Amino acid sequence: MTHTILVVGGTGMLGEPVARRLLADGYLVRILSRSPEKAQARLGAEFEIVKGDVDEPSSLEAALSGCQGVHLNLQGGFDYDLERRGAENVSRVASRVGVQRITYTSGGSVCEENCWYAGTRAKFQAEAALQVSGVPYTIFRDNYFMETLHNFVQGKMALHIGRHPTPYSWLAANDYARMVSKAYSTPAAANKVFYICGPEVLTMRQALHIFCGIAHPKARIVYLSIRMATIIAKLGKRRELQAALPFFRYCETVKFSEYPAEANALLGAPTTTLEMWSRRHVQGSQSRPQ
Ligand SMILES: NC(=O)c1ccc[n+]([C@@H]2O[C@H](COP(=O)([O-])OP(=O)(O)OC[C@H]3O[C@@H](n4cnc5c(N)ncnc54)[C@H](OP(=O)(O)O)[C@@H]3O)[C@@H](O)[C@H]2O)c1
């Protein structure tokens, strides 16, 4: 029997690669979206799209019915707590309708001592909701995604925002998506919290240097303190930057955890280096219609 997996947040930057990988691996993939027409246009006819909102449990009942699994990929912008509410509502309904696995995109720095930051607290509480739901879960505490890098390029500048005192194990979304999909066919991945780390450890500056060298050779790397970035975001009414600033402030003090051995052994280690990813990024943007 072909299993159906619901992807909540399947239109997201990190949800879409997971949805596409699940489909490629032979699953039927249903997407929950607040904007079903937009989701269908973005993802295509191979996906079943259902209208829903994690804040409306009645919409989750229909979306989860007949599903063997559900993947949670939520981001609420300024509404950090969305992830907690989403995880609580989805896991409650998932348990009721007999879902057999919940997977969740959490974060590499999630732990109790970092819960002073609202984004981490929401993820920590979301993880806890899954862990008490009675539905077998797989939680992914991911390191820094390469997909974020192009957000830092603004015209001829690549902004290095805030200090990043420790290097990251840069991860490509395609590697991550393969690991999430594999978790569904791996019984030993049930009830596990995995740390997902890419194959190379690089500082933010080194990563920007490699990415820009390949994808934006004319861009100059410019350091922007959090203070300066706050002023620019305010004056320029840059809501996206404003929403991201508390996270950059957080990055100045925390370290992402790196215990990838178990995930790598069970799900296959990530192999994409930043250089490989940057070259693919360039090819992808050249083949996209302008
Ligand atoms: N480690 C890293 O480097 C890194 C980087 C980026 C993100 N992340 C994490 O990855 C996760 C996802 O991020 P992303 O970049 O993929 O997010 P994103 O591109 O902003 O997408 C957010 C998704 O959430 C869905 N959503 C928002 N509100 C919803 C609601 N009320 N009900 C149902 N769906 C809702 C949206 O679906 P619709 O709009 O279609 O409804 C959308 O698909 C977050 O937990 C984030 O913290 C980690």
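Give me the one-decimal nm value for the distance between modelled label points at residue 100 and residue 38, 7 Å along each residue's Cα-to-Cβ direction.
Modelled inter-label distance: 3.4 nm.
Nearest 0.05, what FRET efficiency do residue 132 and residue 46 give at R0 = 51 Å with Cβ-Cβ as r?
Computed FRET efficiency for residue 132 and residue 46 comes out at 0.90.
So, in Å, what gap is there between the alpha-carbon centers of region 162-203 and region 44-113?
Taking the Cα centre of each part, region 162-203 and region 44-113 sit 20 Å apart.
Using 0.36 nm times the number of residues separating residue 252 and residue 238, minus their current alpha carbon distance, what extension gain do you get?
Full-extension gain reported as 2.9 nm.
Using the crude model of +1 on Lys and Arg Cβ and -1 on Asp and Glu Cβ, and no other charge, please compute the dipole size for region 31-125 relative to its Cα centre, in debye to 20.
So the dipole magnitude of region 31-125 works out to roughly 120 debye.
Would you work out the charge dipole size for the chain about its Cα centre, treating the Cβ of every Lys and Arg as +1 and the Cβ of every Asp and Glu as -1, and quote it to the nearest 20 debye?
Numbers: 33 positive and 25 negative charges, 193 e Å.
With only Lys, Arg, Asp and Glu charged at Cβ, the dipole is about 920 debye.
Compute the distance in nm between two label points, each set 7 Å from the Cα along the Cα-to-Cβ direction, one at residue 190 and one at residue 78.
For the pair residue 190/residue 78, the computed spacing is 4.3 nm.
Compute the length gained on full extension between residue 61 and residue 226: take 0.36 nm times their separation in residues and subtract their Cα-Cα distance, giving the result in nm to one decimal.
Numbers: separation 165, 0.36 × 165 = 59.40 nm, distance 4.25 nm.
55.1 nm is the gain from fully extending residue 61 to residue 226.
What's the local net charge at residue 264, with K and R +1, D and E -1, over the other residues with C-beta under 15 Å away? It would help to have the intermediate numbers written out before the result.
On the way: positive: 141, 178, 182, 192; negative: 142, 175, 200, 258, 262.
Taking every Cβ under 15 Å from that of residue 264, the sum is -1.
Starting from the residue with the highest accessible area, list 91, 285 in decreasing order, probe 1.4 Å.
Descending accessible area places them as 285, 91.
Relative contact order (percent) for the chain, with alpha-carbon contacts under 8 angstrom and 6 or more residues of separation?
Over the chain, the number comes to 17 percent.
The values are calculated or read from the model by the stated rules, or taken from the named source; none is laboratory data. Predicted, not measured: the structure shown is a model, and the values here were computed from it. Here Cβ is always computed from backbone atoms with ideal geometry, including for glycine, and neighbour counts include all displayed protein chains. Each accessible area value is taken on the protein alone, full model and side chains, heavy atoms only, with ligands, DNA and RNA left out. Shrake-Rupley method; radii C 1.70, N 1.55, O 1.52, S 1.80 Å.
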